[in-house]
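Have a look at the structure below, then the notes.
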Amino acid sequence: MADAGVSLATTTVGLAAAIAVVSGVRTSSPLAVLLTAVVVAVGALVVAPLLRPVARFGGAGAALLSGIGAQLAVAWAALAYVPGMHVESGWSVVQVLVLTGLVMAAGRWLWAGPGNGYVVDGVVRRARRAASAAGRPADDPDRPAGLLVVQLDGVAAPVLEQAMEAGLAPTMQRWVVDGSHRLEPWWARLPATTPASQAGLLYGDSSTIPAFRWWDRELGRLVVANHPADAAAIEAGLDGRDGLLADGGVAVSTMFSGDAPTGFLVMSRTGRRRGLGPGQGYLRFFTSPFVLVRALTVTVGEMAKELYQARRQREHGVHPRVSRGGWYVPLRALTNVLLRDLITSIVAEALARGVPTVFVDLVDYDEVAHHAGPTRPEALRALEGLDGVLGTLERVLAWAPRRYRVVVLSDHGQSLGATYEQVEGRSLLDTVRELMAEPDAPGVTSAGGEDFGPLTMLLTRLVGPPRRGGAVAGPDRQAVTSASSAGPPEVVVTGSGNLGLVWFPRHGARLTLEDLQELYPGLVAGLAGRPGVGVVVVDTRDRGLVAVGEAGVRLLEPVRAGSSALVDGTDPVLGLGPRAAEDLARAGRLPCTGDLMVVSAVTASGHVHAFEGQVGSHGGLGGAQSWPFLLHPVEWEVDEADRTDVAGRRVLVGAELVHAHLVRWARSAGVRR
């Protein structure tokens, strides 16, 4: 009741302020404004069920359009027919909605600080009423079990620990201090990218994913993991695995479905009909009074904040840094506000319905850290916002029909550093072509399209024909188009953070070191000697995979090499971090990996050099990118036999083992069969 009173009060204040400003709306008494706020709130509750058939058959797009239409209709009716109110036009109604949302967003920020708790206010009230009707108290311990897994994309374990100490992650810190949860790192194997780690987390298998993007010789084109058609093809290869979300789970904002019967904003399903998920799941967000308007208002504010923060970096001479203009400004706002609020609403609805397992990926921190740096103030503030989402969902958990255990984890970390192009003065593709002695060789490069994933997903669903894979936005689109225009290029170079892969597609199979020495005699040694390069991995005819550095060579598969010495000269993997040799050997045998696999140089402080335009990156080795975290209930123990010694710590190695524990925990709690 108190929540409803606060919500009504803030709505009334917002309406009063908007009516005072908009010339096309007048009122004769404060009581009329209060009554208008009541009508708007009740009208939304009445209209939402009537729109369910529209959303069920029309999907997310129909839910959006009908929800906005319902908001306008309810607001117009309230302003036109409540005694003491007068409105002149529909445009005046739109102005009132926008200004009310702006006032309410500003008021919440001044009163309670940043947060999106308003998104779940209605869900919490409904869940509380349902619990009361069932005679179930808050936090009832006798409820059946449930599992909520929240992925904080790109957050390294040491960064989360730093945020906790700085008071920027109070929700997670409270769980650890109170003793309900345990925080520990795990090791993300090469490639330390979202598609590989998420395939491992959801299916227990990442063996078909060599990077974020790669050349497929059989298909004769570039594969990009966050393109809907490619994500669907990758997931098809994972069929038959033990999907984490089988048995009635829900996937929200993920790359793959994890065998969930229901998915919202799932990339691998976006090319299908209603690929954004059941339209009913969006109705609460789109029809709630001022929720969508407030989200849009704060989205505009996020754009202004990004412009200010980017300018601040330039004026203060912060280094390393990259350009933060262009498409990134609206993309950050879309991801960090509008989509985050929508995702929070969808997850809250699933929890209130009692879905047995929910897996959601929140990408806010990862997006900001790529452009600002992993430990820069704006990145840590983004992490603070994600911790706020956890606090928001806690309000729903108390009244949900299941007693949810919450696991929070990340898929990888990020490492800081100047880009390869900033160090070398040219791209990796241009470096390779020069060392081939063919500077004009037809080539394709692809990097930097990760930010466009959410936009690609929405465009594909709205305008892209599913049979052709849908629409694609961002730099990767141009690379794919170039690669398929007139036969295979002579050389393809892709960057996944500081992991670079190089192919020579006009040759039907992977080239060995001996082949490359005959074709391009100065290529491998010249590439390994570049200041921005740490190691080059290449296959050989007789000795298996080798890692080539500026002053030495290391055999990565000594069993195949027989009696040969393990290292000749200076070991090139020294300085790349723990498990470098093991990770390079595994990654070098993944299908579709490059003829050459390049990892950038790693400085003594753990800085790396991304082969794309990112000051914070992941995908290769070095720094904190290989150290994601796992925050799990203390009663769910990690099997000691599954741990491995890494840099003096006993940790799980690989997302596959994290998946195995999630499934084991879910079954022990009765969430999974």
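Per-structure values
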quantity	calculated
Some residue of the stretch 296-315 being of a type in the set (Gly, Ala, Ser), outside the structural domain of Val40 (by TED's automatic domain parsing), surrounded by 24 or more Cβ atoms within 10 Å (Cβ to Cβ) and in contact (Cβ under 8 Å) with a residue 60 or more places away in the chain	no
Test for Ala580: is it over 30 Å from the mean Cα position of the chain (by Cα) and among the hydrophobic types (A, V, I, L, M, F, W, C)	no
Test: residue in the stretch 549-570 that is within 30 Å of Gly508 (Cα to Cα) and touching a residue at least 40 places away in the same chain (Cβ under 8 Å)	no
Qualifying residue in the stretch 152-171 (condition: within 21 Å of the chain's Cα centre (by Cα), in contact (Cβ under 8 Å) with a residue 12 or more places away in the chain, buried (at least 16 other Cβ atoms within 10 Å of the Cβ) and part of a strand (DSSP E or B))	yes
Those residues of the stretch 64-87 which are crowded, with 16+ Cβ neighbours inside 10 Å and assigned to a strand (DSSP E or B), in sequence order	Met85, Val87
Some residue of the stretch 37-51 being at pLDDT 85 or above, of a type in the set (A, V, I, L, M, F, W, C) and touching a Gly at 6+ places or on another chain (Cβ under 9 Å)	no
Residues satisfying the stated conditions in the stretch 207-231, i.e. out of contact with any Ser or Thr (no Cβ under 7 Å at 6 or more places or on another chain) and among the small types (Gly, Ala, Ser)	Ser207, Gly220, Ala225, Ala229
Qualifying position, being of a type in the set (A, V, I, L, M) and assigned to a loop (DSSP other than H, G, I, E, B), among Val355, Val337, Val347	Val355
Unique residue being touching a Gly at 6+ places or on another chain (Cβ under 7 Å) and within 26 Å of Phe611 (Cα to Cα) when the list is Ser206, Ser197, Ser257	Ser206
Flag for Ser600 being among the hydroxyl-bearing types (Ser, Thr, Tyr) and under 18 Å from Gln422 (Cβ atoms)	yes
Selected residue [crowded, with 16+ Cβ neighbours inside 10 Å, closer than 24 Å to Leu390 by Cβ and basic (Lys, Arg)] from Arg128, Arg189, Arg143	Arg128
Residues of the stretch 244-275 satisfying the condition of being assigned to a loop (DSSP other than H, G, I, E, B) and within 16 Å of Thr208 (Cα to Cα)	Met255, Phe256, Gly258
The stretch 603-642, subset surrounded by fewer than 24 Cβ atoms within 10 Å (Cβ to Cβ) and among the β-branched types (Val, Ile, Thr), residue nearest to Tyr328 (Cα to Cα)	Thr603
Matching residues in the stretch 201-231 - criterion: being in a helix (DSSP H, G or I) and either of a type in the set (S, T, N, Q) or surrounded by fewer than 22 Cβ atoms within 10 Å (Cβ to Cβ) (or both)	Ala229
Boolean, Thr357 is in contact with a strand residue (DSSP E or B) (Cβ under 7 Å, 6 or more places away or on another chain), under 23 Å from Gln198 (Cβ atoms) and either in contact (Cβ under 8 Å) with a residue 60 or more places away in the chain or of a type in the set (Phe, Trp, Tyr) (or both)	yes
Number of the exception - Glu184 against (1) within 23 Å of Arg664 (Cα to Cα); (2) charged (D, E, K, R); (3) not assigned by TED's automatic domain parsing to the domain that holds Ser288	(3)
Count - residues of the stretch 428-450 that are assigned to a loop (DSSP other than H, G, I, E, B) and in contact (Cβ under 8 Å) with a residue 40 or more places away in the chain	8
Count of residues meeting criterion [touching a strand residue (DSSP E or B) at 6+ places or on another chain (Cβ under 6 Å) and buried (at least 17 other Cβ atoms within 10 Å of the Cβ)] in the stretch 659-673	3
Count - residues of the stretch 317-340 that are crowded, with 24+ Cβ neighbours inside 10 Å, closer than 20 Å to Arg284 by Cα and of a type outside the set (Val, Ile, Thr)	2
Check on Arg314, more than 28 Å from Gly14 (Cα to Cα), at pLDDT below 90, among the basic types (Lys, Arg) and part of a loop (DSSP other than H, G, I, E, B)	no
Wholly within the stretch 598-665, strands (runs of 3 or more DSSP E) carrying at least 3 residues that are touching a helix residue (DSSP H, G or I) at 6+ places or on another chain (Cβ under 7 Å)	629-633
Odd one out for Gly115 among (1) surrounded by 16 or more Cβ atoms within 10 Å (Cβ to Cβ); (2) modelled with pLDDT under 95; (3) assigned to a helix (DSSP H, G or I)	(3)
Odd one out for Glu582, checked against (1) at pLDDT 95 or above; (2) under 14 Å from Asn498 (Cα atoms)	(2)
Residue in the stretch 545-562 that is in a strand (DSSP E or B), surrounded by fewer than 22 Cβ atoms within 10 Å (Cβ to Cβ), modelled with pLDDT under 95 and not hydrophobic (A, V, I, L, M, F, W, C) present	yes
Test: Leu393 is outside any loop (DSSP other than H, G, I, E, B), of a type in the set (A, V, I, L, M) and outside the structural domain of Gly179 (by TED's automatic domain parsing)	no
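The values are calculated or read from the model by the stated rules, or taken from the named source; none is laboratory data. All values reported here derive from a predicted model rather than from experimental measurement. Cβ: placed from backbone, ideal geometry, glycine included. Neighbour counts: every protein chain shown.
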